[in-house]
Amino acid sequence: SPKHIGDAIAVNGDTLVVGAELDGVQYGTVYVYRWDAGVGGWKQVDKLVPSDREGAGQEFGASLALTNEFLLVGAPGDNTYGENAGAVYVFTLDAASGSWIETRKITADDAAANHRFGTSVAIRDTSITAGTPAETFNTTNIVIGAPGQDGTSNEDKDSAYVYQLGIN
């Protein structure tokens, strides 16, 4: 049965995502639901897992952020660059199929043990017009929190990282 289901949730329009950070051999799962007006309730349409499931402790689904086009999934227990260094997975909505496709894994440039990058995530779509109306550039700004320690001492090294995803 899912563990820690609902610790993180995000809603955008008729889409609901629910994190279960200790589900699936402990690496974590995100359940995707769509509102079904016919039955007046939410219907599960997908179950997302990290492509590089490394095993116990990854905490995929500990934090979530959702727009019409992007889903961010925090995995502060990811061990790619040290124990609990953390990561954020970016999923993009495939408009044709309605499925969320993993397109990127973000880690901190200064990743180290216990940073817990991805403990929190936020996303904001923007549209910037430059020159003429035909020259519109779309970007999505994301912010990722890392409340962990520096890995070499017990000093707190809390950080927030800001990225832009180009969707031109």
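The values are calculated or read from the model by the stated rules, or taken from the named source; none is laboratory data. Values in this document were obtained by computation on a predicted structure and should not be read as measured data. Cβ: placed from backbone, ideal geometry, glycine included. Neighbour counts: every protein chain shown. Side chains included, ligands, DNA and RNA excluded: accessible areas come from the protein's heavy atoms. Shrake-Rupley method; radii C 1.70, N 1.55, O 1.52, S 1.80 Å.
Against the definition (modelled with pLDDT of 90 or more and acidic (D, E)), how does D94 come out, yes or no?
Working: modelled with pLDDT of 90 or more: yes; acidic (D, E): yes.
Yes.
Each row is one residue, and each column tells you yes or no for (1) in contact with an Asp or Glu (Cβ under 6 Å, 6 or more places away or on another chain); (2) open to solvent by 60 Å² or more (accessible area, probe 1.4 Å); (3) under 12 Å from I5 (Cβ atoms); (4) at pLDDT below 90.
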residue	(1), (2), (3), (4)
V25	no, yes, no, yes
Y31	no, no, yes, no
A37	no, yes, no, no
W42	no, yes, no, no
V49	no, no, no, no
D52	no, no, no, yes
G55	no, no, no, yes
Q58	yes, no, no, yes
G61	yes, no, yes, no
Some residue of the range 109-117 being at pLDDT below 90, under 17 Å from D52 (Cα atoms) and either of a type in the set (A, V, I, L, M) or touching a His at 6+ places or on another chain (Cβ under 8 Å) (or both): no
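Look through I167, I144, I123, I128 and report the one residue that is surrounded by 13 or more Cβ atoms within 10 Å (Cβ to Cβ) and modelled with pLDDT under 70. Lay out the reasoning, then the answer.
Details: I144 fails: modelled with pLDDT under 70; I123 fails: modelled with pLDDT under 70; I128 fails: surrounded by 13 or more Cβ atoms within 10 Å (Cβ to Cβ).
When all the criteria are applied, what remains is I167.
With the structure loaded, tell me whether T103 is modelled with pLDDT of 80 or more, hydroxyl-bearing (S, T, Y) and open to solvent by less than 40 Å² (accessible area, probe 1.4 Å) or whether it fails that test. Break it down into steps so the answer makes sense when it comes.
Numbers: modelled with pLDDT of 80 or more: yes; hydroxyl-bearing (S, T, Y): yes; open to solvent by less than 40 Å² (accessible area, probe 1.4 Å): no.
Against the criterion (modelled with pLDDT of 80 or more, hydroxyl-bearing (S, T, Y) and open to solvent by less than 40 Å² (accessible area, probe 1.4 Å)), T103 does not qualify.
Okay, residues lined up against (1) touching a Cys at 6+ places or on another chain (Cβ under 6 Å); (2) under 29 Å from A146 (Cα atoms); (3) open to solvent by 40 Å² or more (accessible area, probe 1.4 Å); (4) in a loop (DSSP other than H, G, I, E, B):
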| site | (1), (2), (3), (4) |
| --- | --- |
| G77 | no, yes, no, yes |
| Y81 | no, yes, yes, yes |
| V90 | no, yes, no, no |
| S97 | no, no, yes, yes |
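Taking the stated definitions as given, is A113 outside any strand (DSSP E or B) and over 15 Å from the mean Cα position of the chain (by Cα)?
Taking the combined requirement at face value, the residue satisfies it.
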